[in-house]
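This report concerns only the one structure given below.
Nothing in this text is a laboratory measurement; each read-out follows from the coordinates by a stated rule. Note that this is a predicted model, so its numbers are computed, not measured. All Cβ positions, glycine included, derive from the backbone under ideal geometry; neighbour counts span all protein chains shown.
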Amino acid sequence: MSDRTRPRILILGATGSVGEQAVDVALQNGMPVLGLSANQNWKRVEQQARRLGVRAVAMTDEGAAAELRTALADTDIRVYGGEAGHLDMIRASGADFAVNAVLGEAGLTPTLAVLESGMDLALANKESLVVAGEIVMREARERGCAITPVDSEHCAIFQALRAGAQGEIKRLILTASGGPFFGRKRTELVNFTADDALKHPTWSMGAKITVDSATLMNKGFEVIEAAHLFGVDANRIDVVVHRESIIHSMVEYIDNSVIAQMSVPDMRLCVQYALTAPVRTAAVIPPLDLVAAGKLTFAAPDTDTFVLLGLAKRMLAVGGAAPAVLNAANEVAVAAFLARKIRLLEIFDAVTRVSEELAPRAKGAHTLSEILDFDREARARASALLGS
Ligand code: NDP
Ligand code: MG
């Protein structure tokens, strides 16, 4: 890598909430962007590709790839199509670092292609670690690739871990905003709709993760993500509700010193640090005004109401393909909820039922193809259950 603070990068899922912020970080830091990808939104990729002067783009939707090929015919930019084309673009890119901001389980094969190509990975796609955490971490270790977290909680822990050694960690404390339904009991959640769930109090994010934040499924995924990234058992990872989203997470050391990382809630800091760590570069986000914030509050999560947080910890303990089953059932349920086909509590119930039914068998699944078989089975069961 030529310049630590200006790696040559790929941005996967470039048209999404994190992807757009990664484009902004690259522009503000003068980082060369070699390639971009998305699923369908070829018009936005065309604009980004021209602005950034990339060498290659990939659209996983073949129709979108054909449109983009025509639109970019006056350039030398190579356009790849389909899921296989996406992986080909990654492998041929010669980049130093890839930002994976693809949504959902679809981000897993790109994650593996990045690592197999020997690139470092700035990982926003937490589903890669939820679905196949052991495989992904092993691949990174064997190839000597760094995985730096973009998820704000994990970026905070990554920074706080510079204050002590692995053997000195007592526990990780993930903060959670609590989402729009904080303080509500199960009986009060019955009538909430997708529009209510999409009103996140502090972060502006894509629709799927905003719903996951409202159900606390997102925090459950983040416990699994943290366990893999930092090699800490789930029973030493706690969650505390912090409504203001100023402390992004903390590490408690064996001497009971707690190191917290704070900033205004803005994912661009996380993308930037993931790409330049351990070096820091000039700010792309506004400064934190603690006096304006006034006070920081903390509360225990209500795990009786928000059952998916506890379910995630249980599925991590079961191991094998159990977390992949959890993720797959959740993807199906959230899609049905966003399509206004089911109610909020049906997400809780369907994800719990599918996970608990498949867990005893999923426990023994460890290879990628076994895990993906369970992923498919869980999707089919969730769809059947929800009539979606
Ligand atoms: P969005 O829904 O906003 O964007 C998703 C992106 O992925 C789009 O560029 C989309 O392309 C692309 N995409 C979808 N399917 C595929 C596919 N099969 N192959 C390639 N690209 C695909 O999501 P977010 O930005 O909110 O989230 C992205 C990831 O980052 C998720 O894993 C999320 O959990 C994680 N994350 C997000 C945070 C946030 O602030 N948003 C915070 C922390 C983590 P197209 O536009 O063409 O559909
Ligand atoms: Mg997060």
- Residue order, fewest to most surrounding Cβ atoms within 10 angstrom, among Glu188, Glu370, Glu20, Glu225: Glu188, Glu370, Glu20, Glu225
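Subtracting the Cα-Cα distance from 0.36 nm times the residue separation, let me have the gained length for Arg184 to Asp349 in nm, one decimal.
57.7 nm
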- Query: Can you work out ³J(HN,Hα) from phi for every residue in region 85-92, in order, using Karplus 6.51 cos²θ - 1.76 cosθ + 1.60 and θ = phi - 60°, giving whole Hz and x for Gly and Pro?
  - Reply: x, 4, 5, 4, 4, 4, 5, 8
- In 10 Å bins starting at 0, how do the alpha-carbon pair distances of the chain split up by percent? 5, 23, 33, 27, 10, 1, 0
- Each residue of region 203-219 in turn: what ³J(HN,Hα) in whole Hz from Karplus with 6.51, -1.76, 1.60 and θ = phi - 60°, glycine and Pro shown as x? 10, 9, 9, x, 4, 5, 5, 5, 5, 4, 6, 5, 8, 6, 4, 4, 5
- Which order results if Leu34, Leu216 are arranged by neighbouring Cβ count within 10 Å, fewest first? Leu34, Leu216
- Message: Give me, ordered by chain and number, the residues 5 or more places off Gln261 or on other chains with an amide H under 5 Å from its own placed amide H.
- Response: His248, Ser249
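Quick check on the exposure proxy: order Trp203, Trp42 from fewest to most C-beta atoms within 10 angstrom.
Details: Trp203 16, Trp42 25.
In increasing order of surrounding Cβ atoms, one gets Trp203, Trp42.
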- Task: Please work through the chain and write down the cysteines that have no neighbouring cysteine Cβ at a distance under 4.7 Å.
- Result: Cys145
- Mind checking the dipole of the chain: about its Cα centre, +1 per Lys or Arg Cβ, -1 per Asp or Glu Cβ, Debye to the nearest 20? 320
- Task: Taking H placed 1.01 Å from N in the peptide plane, check which residues at least 5 places from Ala176 or on another chain put their amide H under 5 Å from its amide H.
- Result: Val240, Val241, His242
- Message: Students often check this: by mean Cβ neighbours within 10 Å, which of 279-287, 46-54 ranks highest, and how do the rest follow?
- Response: 46-54, 279-287
- In order through region 8-16: 3J(HN,Hα) via Karplus (6.51 cos²θ - 1.76 cosθ + 1.60), integer Hz, x for Gly, Pro: 7, 10, 10, 10, 9, x, 5, 8, x
- Task: Considering only DSSP beta bridges where both residues belong to the chain, give the percentage that are antiparallel (nearest 5).
- Result: 30
- Rh (Kirkwood, all Cα-Cα pairs) for region 128-239, Å, reads 15.6
- Note on the structure: With a Förster distance of 35 angstrom and the Cβ-Cβ distance between Val284 and Glu168, calculated FRET efficiency to the nearest 0.05 equals 0.65
- Item | Helix-only mean residue ellipticity at 222 nm for the chain, each DSSP H run of n ≥ 4 adding -39500 (n - 2.57), per residue, nearest 500 | -15000 deg cm²/dmol
- Taking R0 as 22 Å and r as the Cβ-Cβ distance between Ala73 and Leu27, the FRET efficiency 1/(1 + (r/R0)^6), rounded to the nearest 0.05, comes to 0.30
- Task: Could you work out how far the C-alpha centroid of region 1-68 sits from that of region 74-117, in angstrom?
- Result: 10
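Quick one: length gained pulling Thr5 to Thr193 fully straight, 0.36 nm per residue minus the C-alpha distance?
Contour length minus the Cα-Cα distance gives 63.3 nm.
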- Query: Which cross-chain or sequence-distant (5 or more) residues have an amide H under 5 Å from the amide H of Lys170, H modelled 1.01 Å from N in plane?
  - Reply: Glu252, Tyr253, Ile254
